[in-house]
Amino acid sequence: MSVDTSAGQPDISILGPGASLNTYCQDARWGLAVIRATILEAAHPQIGAALIENSTFVAHPWRRVFNTLLSVQRILDADPRVRDREAARLNRLHARIAGVDPKGRPYNAMDADARAWVVGSLFESTVNLSRMSGVSMDAAEMERLYEEFRAILVLLEGNADHLPATVTDFWPYFEDVIDRGLENTEAMRIILFELFGRMPAPPLLRPYPALWSAGRAMAGPVISEFLKATLPEPVRQRAGLGELPGSHLLARGVYLGTGVASRVLPESWTRTDTMIGLLDPSRAEGSGAQLVTALRRQQDRAAALLRLLSPLSGDAPAEGSAARSADRFFAEVLDQTGDGYVSWPDLAAMAREIASRLDLDADGEERLFDAFAGWWRELANALDDDGDGRVSRAEYAAAASSLASPALVRVAEVLFDATDKDDDQSISAAEHRALFRTAFSRDVETSGEDVRYTRSEFVREFLAFMAGRKGSAGYDSLLTQA
Amino acid sequence: MNPKGSDTRASVPRHVACVMDGNGRWARQRRLPRTAGHRAAEAAVIDVIEAARAAGVRWLSLYAFSTENWRRPSDEIDFLMGLVRRTLRKHALSMCARGIRCRFLGVSDPRIPPGLARDIADLVELTRGNRGMTLTIAFDHGGRRDIVEAARALIRDRVPADQVTEESFARYLPHPDTPDVDLVIRTSGEQRISNFMLWQVAYAEWVFPEVLWPDFRAEHFSECLHVYRNRERRFGGVRPRFPDLDPELTDPLVKGSR
């Protein structure tokens with residue numbers, strides 16, 4: 001596609017707290033830009049295939065949005081080492097994603113054109129949604145932002161050759177890709193037509209499914225229509241999206257409304273991290289974290305009370321319950337991609353999430369992926385009866401109870417080593433937070449601050465969770481929620 | 001020698017544990033099914049919790065179900081699981097309101113119905129922040145199993161043999177912040193330990209009132225505390241401070257002498 005090699009490369013040192021992008025991604029509305037950009041990305045055949053086959057976007061949409069925001073925040077970190085580590089991690093992550101799509105075409109997440117499109121569509125969405133909010137960027141601001149996005153591409157690729165050198169050249173490139181490079185992919189259809197209808201509740205609302213589904217029933221179509229209305233016309237046509245009367249007005253209304261809200265409400269309320277903290281308390285950081293932790297505690301307690309006070313609904317007969325809990329564990333934890341099967345991409349998604357949270361280096365990540373790969377081999381050997389390379393729900397339920405496996409113990413030990421950053425053979429409260437983003441779940445009040453997890457406790461808790469025997473707030477936040 | 005370094009004549013025991021024995025016999029005496037005995041036990045449990053709290057006991061442990069109890073007929077087990085669940089739900093709110101922190105010891109067998117396991121977790125969560133009495137319910141508990149688990153954990157942590165001391169070992173037991181048991185009450189006159197909190201009862205005083213658990217009430221509990229107060233706790237020391245006062249002779253509740 002469009003290749004421009006004449007211009008110089010932007011300097012990656014412009015990425016930092018002072019970057020113009022930083023002000024955008026601090027605004028909670030930027031989350032909408034991320035989702036919109038994802039639709040445009042998904043319409044790219046290479047990216048669409050990678051999303052469908054490997055990403056947990058469909059099953060865990062919140063996680064994908066949060067992780068994108070986290071990546072951008074890390075890239076804009078004041079410490080260049082944080083930025084470089086994140087870039088290296090993203091590259092390693094993408095290097096693991098390659099395959100052949102259902103039409104037999106190879107895809108590869110390291111493809112330079114595709115990656116340029118990811119960065120470009122994120123830029124275009126930022127500009128577009130900024131314009132719709134009623135405040136258009138001036139030319140200089142847009143230039144600056146574009147330069148920063150190109151710097152991100154330099155950070156990832158080593159050069160920005162696959163994106164045009166100037167904003168002026170960007171728009172023809174953008175239209176060209178839209179016209180000739182995009183397709184009506186399955187990934188795009190899923191995001192457009194299904195995701196908002198059945199988006200799982202964010203962690204804070206999880207105990208209130210009725211509330212969430214009511215809110216989703218009202219807000220889902222609005223957000224969905226809003227996003228559809230903001231898409232470029234050719235994309236809309238290709239996806240068979242008709243012109244819904246008033247949808248443009250709606251789109252403007254939504255964004256203008258949030259724009260007004262962001263002016264009227266205290267600034268801290270509309271900041272991305274506040275929103276994330278509210279939607280998913282386990283991700284709250286900084287000073288707000290204590291408040292959010294307290295809120296979450298209260299909420300856990302209220303939910304516990306509610307369950308205890310609600311009448312017993314004819315308790316499940318004991319014999320069916322073990323199989324049912326295996327079934328639920330399969331759906332909530334193992335099947336990360338939500339396709340009804342467990343295969344390598346599901347376990348890779350777990351490893352990816354852990355590596356991202358712990359900010360692992362290449363070696364640590366390698367060990368983690370090796371351990372998960374070992375577990376996958378073991379699962380496949382033990383459970384894949386029909387030899388189709390994946391484990392179905394029925395295959396899992398039939399043999400789940402006999403899963404006390406050495407490879408899983410190995411995963412637990414590698415995870416312990418990775419979490420134990422200072423290598424003192426125990427997990428401190430800070431190390432625990434890095435992985436689970438929550439405080440210790442066990443009773444710590446009597447022993448004060450200096451409580452630590454030993455290797456054996458850690459391994460035991462991990463195995464209990466993975467056997468589906470025991471829930472755990474920490475592992476729930478890591479592997480099932482969002 | 002006093003490993004706890006505490007007053008040997010504390011007026012109120014810090015940690016009291018009850019082995020709730022005699023439900024079956026209570027029912028048999030009344031020509032009722034065994035399940036009726038279990039049902040009648042609920043009133044005693046609630047009474048004792050309130051009595052302990054009123055007396056200023058900070059830690060109360062109740063032996064509700066042992067790892068050996070799984071050998072009972074499956075009908076009785078099903079009934080017990082249902083009863084525990086109903087009782088727990090019935091009293092959850094009042095436990096919380098009275099500032100009682102509820103904990104469970106054991107609860108690891110997959111045969112525990114998921115609904116009950118969920119309720120147990122909810123009760124623990126609900127009362128976690130309470131700072132009144134701590135009520136530990138030993139459910140699916142086995143003292144030997146806890147010790148074996150602790151040993152396993154030590155080995156997994158690669159703790160060198162010479163660093164294993166009583167103190168460090170105790171930290172590997174479940175709920176390591178629980179103090180040693182001062183007084184064990186086993187109702188119905190049976191005099192056995194039955195694999196109950198083996199490590200924690202090392203220096204405990206035992207009383208064996210004849211009364212069957214469903215009949216055990218606050219006044220019986222007070223009598224047991226009284227017996228405890230009149231006992232000389234020696235913690236393995238050779239010379240009692242009041243050699244002329246043999247506690248066993250003054251215990252009205254003690255059946256015979258050992």
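We did not get these values from a lab; they are worked out from the coordinates using the rules stated. Model, not experiment: these values are computed from the prediction. Ideal geometry is used to build each Cβ from the backbone, glycine not excepted, and the neighbour counts take in all protein chains shown.
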Skipping prolines and chain starts, which residues have an amide H placed within reach, meaning under 5 Å, of the one on residue B:12, given they are 5 or more residues away or on another chain?
none
For residue B:90, the aspartates and glutamates lying under 17 Å Cα to Cα, once residues fewer than eight places off in the same chain are dropped, come out as A:315, B:42, B:47, B:50, B:119, B:122, B:125
Ordering of B:151-161, B:109-119 by packing [mean C-beta count within 10 Å, highest first]
B:109-119, B:151-161
Relative to a virtual label point 7 Å from the Cα of residue A:430 in the Cα→beta-carbon direction, which members of the stretch A:346-373 show backbone nitrogen distances below 18 Å?
A:357-361
Reachable aspartates and glutamates from residue A:103, Cα under 20 Å, same-chain residues fewer than 8 places away excluded?
A:41, A:53, A:111, A:113, A:183, A:186, A:339, A:388
Summing -39500 (n - 2.57) over every DSSP H run of at least 4 in chain B, dividing by its residue total and rounding to the nearest 500, the 222 nm mean residue ellipticity is -12500 deg cm²/dmol
Inter-site label distance for residue A:13 and residue B:83 at 7 Å from Cα along Cβ, in nm:
7.7
Nitroxide proxy distance, nm - points 7 Å out along Cα→Cβ at residue B:229 and residue A:339:
7.3
How far is it, in nm, from the label point at residue B:222 to the one at residue A:377 when both lie 7 Å from their Cα along the line to the Cβ?
7.0
Computed FRET efficiency, Cβ-Cβ of residue A:166 and residue A:303, R0 45 Å: what is it to the nearest 0.05?
0.25
Tell me, what is the FRET efficiency for residue B:31 and residue B:76 to the nearest 0.05, using R0 = 25 angstrom and their Cβ-Cβ distance as r?
0.90
Quick one: if the Förster radius is 35 Å, what FRET efficiency do residue A:136 and residue A:179 give, using the C-beta to C-beta distance and rounding to 0.05?
0.90
